[in-house]
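The values are calculated or read from the model by the stated rules, or taken from the named source; none is laboratory data. Worth saying up front: this structure is predicted, and the values here are computed from it rather than measured. Cβ: placed from backbone, ideal geometry, glycine included. Neighbour counts: every protein chain shown. Protein only, heavy atoms only, side chains kept; ligands, DNA and RNA dropped before computing areas. Shrake-Rupley method; radii C 1.70, N 1.55, O 1.52, S 1.80 Å.
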Amino acid sequence: MTESNGSIEQQQAAMPDWEKRFRAPRVSLPDWAEDAPHRALFVSNATGTYELYAWDRATGEQRQVTNRVNGTTDGVLSPDGEWIWWFDDKDGDEFGIWRRRRFTAPEATDTVNSVDRADEPAAPGLEPSYPGGLAIGRDGRTAVVGRSTDEDGSTIHVARSGEEPVEIYRHRESAGVGDLSHDGSLIAVEHTEHGDAMHSALRVLRPDGSTVAELDDTKDGTVELGLEVLGFAPVDGDTRLLIGHQRRGRWEPLVWDVVTGEETDLALDLPGDVAAEWYPDGSALLIAHSFEARSDLWRYDLATRELVQVPTPQGTVSGATARPDGTVEYLWSSAAEPSVVRSTTGEIVLDPPGLKSPGSVPVEDVWVEGPGGRIHALIQKPAGTTGPLPTVFDIHGGPTWHDSDSFAAGPAAWVDHGYAVVRINYRGSTGYGREWTDALKHRVGLIELEDIAAVREWAVTSGLADPTRLILTGGSWGGYLTLLGLGTQPEAWTLGIAAVPVADYVTAYHDEMEALKAMDRTLLGGTPEEVPERFEASSPLTYVDAVKAPVYISAGVNDPRCPIRQIDNYVDRLTARSATHEVYRYDAGHGSLVVDERIKQVKLELDFANRHLPQ
């Protein structure tokens, strides 16, 4: 063993488990080129920053594709495996252009500038924008690029190498590229021209922009239903499009022939939400089934309609893909076990070298009766402990998201320090049916906090939580609910920790990216000028003078989702009344892709809690 290796091992041995979980190299599910399955693209934090990596599975060679100060995670591999497209923004602001490099280009080396010499603009002629989906043609020369700007709304362009991009779609409301058919003759678009950003309609276009077919479940008139693109059949000349629908109150797949109009409803007998993707030959579907914070996989044969389970351990499958040989690769984890890319062959597909992440404690399921129905909460606590414990209510973002039985380094860090952690799938969360997800409209934030309050009451009365040591925390929408909760429930919480939050809803609306403005108009029923009373009722700034608990806020100065000016407005109000608070601003966007930065933030949060929570 060299002295250098010995020094590294000594440092790792002295490192606390919570920090190891952040530093341990992890990988995403590899995406593979349809016409060159041995070529793959994945994301890893192996260098300490999340970046894109190319993987030649035939030779085993792996090369780092991007190398930027603030990291890179948005990348797409062309079907022929020749090109890697990646999105180049500035310091996490999500506003930029697509670049591309050859799969065989040398490893990225430039750590100062954003662009390596091997990269080139992928769609010359398109100005910087927020990304709105991308689909690359089989010829490697054609791509369908979705874009969004405050000035133009949503646009979609067909870009061909050596030619000026051609605009084929434009609308003020949000829209994006769903998929491009196998032969490149059909383009599926998700749009919200009806003004409901939570429920998309579908339109299929030709490359010249002419319409082939439309499907719009929002026209029901009695119930708001949405559709999503899951992908065209991977067969040349096949006009079947796999889509998701909500016609029975949950997400389910169906096959829509966009030329004949025929719809094949699968009507799968599985509880919870169901998504799907094609097997490579188009004969079957890989079904991803999510129910009560856990997920599993199934194979559905389109000819026989036979549904067969694909064996996976209990926990959460956060991504899966069927390979040409019929095997399935999937990214799996549980609250107790770190994520790993597995195969149905029994092998681990991609195991990064170096430090291994320690596990954590499993979750316990709790169901609490709330004002809108039964609320599902996931509980973790230090092994061998009984309450009452200092308790962290870690509120997920989204809001259309949900906490699951999956590995998360943040909650595990709190558990390591002696806290119980409660995560709540409040109304607005996905995975519990359409009505549960859609319930938060108009009384935004207040409805979610009713559910959080019900679970808080259970946690205290059950003896789990010490009512004098309760922390409300979360990031993004969870950060928003933290600040709103501290103001509307000031007696309930001992302190609050909010990361990248909405703090001043009106200013946030005016400063945020256009797609989020559309979502806010849907949630609140209009703009701040049209429904000022709703924005006021849902804004943490309205209640800032009622806040009693110490407040910690962290924010990215380049964040386009929860912009910094509206956070400064909230902090100024805290400062004016000499309220106990601390603010940490960092040079990134909506969170950081740099491991050291993320560890620094967790240390600051743990330290704030240690200094302000009664012992």
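Observations
- Of the strands (runs of 3 or more DSSP E) entirely within segment 143-227, those holding at least 2 residues that are surrounded by 23 or more Cβ atoms within 10 Å (Cβ to Cβ) occupy 153-160, 175-180, 187-191, 201-205.
- Here the condition is being assigned to a strand (DSSP E or B), of a type in the set (Val, Ile, Thr), within 19 Å of residue 365 (Cα to Cα) and open to solvent by less than 30 Å² (accessible area, probe 1.4 Å); of 415, 392, it holds for 392 alone.
- Hits in segment 162-200 - residues which are within 25 Å of residue 237 (Cα to Cα) and touching a helix residue (DSSP H, G or I) at 6+ places or on another chain (Cβ under 6 Å): none
- Among the residues making up segment 180-234, those that are of a type in the set (Val, Ile, Thr) and modelled with pLDDT under 95 are 218, 222, 223.
- Filtered residues of segment 117-132 (kept if over 19 Å from residue 93 (Cβ atoms) and assigned to a strand (DSSP E or B)): 120
- Restricting attention to segment 306-340 and to residues that are free of Cβ contacts under 8 Å to residues at least 40 places away in the same chain and of a type in the set (Val, Ile, Thr), the residue that is surrounded by the fewest Cβ atoms within 10 Å (Cβ to Cβ) turns out to be 308.
- Pick from segment 234-254, criterion free of Cβ contacts under 8 Å to residues at least 24 places away in the same chain and open to solvent by less than 20 Å² (accessible area, probe 1.4 Å), ranking: nearest to residue 182 (Cα to Cα): 254
- Scanning segment 324-340 for residues that are of a type outside the set (Gly, Ala, Ser) and either over 24 Å from the mean Cα position of the chain (by Cα) or closer than 24 Å to residue 411 by Cα (or both) yields 324, 325, 327, 330, 331, 332, 337, 338, 340.
- Leading residue by the ranking (nearest to residue 73 (Cα to Cα)) among those in segment 576-609 that are assigned to a helix (DSSP H, G or I) and without any contact (Cβ under 8 Å) to a residue 24 or more places away in the chain: 597
- Residue within segment 146-154 that is within 21 Å of residue 233 (Cβ to Cβ), modelled with pLDDT of 95 or more, touching a Phe, Trp or Tyr at 6+ places or on another chain (Cβ under 9 Å) and not small (Gly, Ala, Ser) present: no
- Taking segment 418-536 as the region of interest, the helices (runs of 4 or more DSSP H) fully inside it that hold 3 or more residues being open to solvent by 20 Å² or more (accessible area, probe 1.4 Å) and within 21 Å of residue 374 (Cβ to Cβ) are 434-438, 446-461.
- Meeting the requirement of 2 or more residues that are among the aliphatic types (A, V, I, L, M), the strands (runs of 3 or more DSSP E) wholly within segment 275-333 are 284-291, 307-310, 316-322, 328-333.
- Some residue of segment 106-115 being at pLDDT below 95, surrounded by fewer than 19 Cβ atoms within 10 Å (Cβ to Cβ) and not in a loop (DSSP other than H, G, I, E, B): no
- Residue in segment 91-108 that is farther than 28 Å from residue 348 by Cβ, aliphatic (A, V, I, L, M) and touching a strand residue (DSSP E or B) at 6+ places or on another chain (Cβ under 7 Å) present: yes
- Segment 546-569 - residue that is without any contact (Cβ under 8 Å) to a residue 40 or more places away in the chain and in a helix (DSSP H, G or I) and, of those, nearest to residue 583 (Cα to Cα): 568
- Some residue of segment 341-353 being in contact (Cβ under 8 Å) with a residue 12 or more places away in the chain, under 20 Å from residue 411 (Cα atoms) and of a type outside the set (Asp, Glu): no
- Residue check for residue 84: aliphatic (A, V, I, L, M), under 17 Å from residue 159 (Cα atoms), surrounded by fewer than 21 Cβ atoms within 10 Å (Cβ to Cβ) and modelled with pLDDT of 95 or more: no
- From 77, 52, residue being touching a strand residue (DSSP E or B) at 6+ places or on another chain (Cβ under 9 Å) and under 22 Å from residue 278 (Cβ atoms): 77
- Verdict on residue 473 being under 24 Å from the mean Cα position of the chain (by Cα), modelled with pLDDT of 95 or more, among the hydroxyl-bearing types (Ser, Thr, Tyr) and more than 15 Å from residue 400 (Cβ to Cβ): yes
- Scanning segment 341-364 for residues that are polar (S, T, N, Q) and within 25 Å of residue 283 (Cα to Cα), we see that the one that is farthest from the chain's Cα centre (by Cα) is 345.
- Checking each residue in segment 255-274 for being part of a strand (DSSP E or B) and surrounded by fewer than 17 Cβ atoms within 10 Å (Cβ to Cβ) picks out 257, 263, 264, 265.
- Residues within segment 367-389 that are in a loop (DSSP other than H, G, I, E, B) and in contact (Cβ under 8 Å) with a residue 40 or more places away in the chain, tallied: 6
- Restricting 346, 372 to those that are open to solvent by 30 Å² or more (accessible area, probe 1.4 Å) and on the phi > 0 side of the Ramachandran plot reduces the list to 346.
- Listed conditions (1) at pLDDT 95 or above; (2) surrounded by 15 or more Cβ atoms within 10 Å (Cβ to Cβ) are all met by residue 128, apart from (2).
- Residue check, residue 404 on the phi < 0 side of the Ramachandran plot, part of a loop (DSSP other than H, G, I, E, B), small (Gly, Ala, Ser) and open to solvent by 20 Å² or more (accessible area, probe 1.4 Å): no
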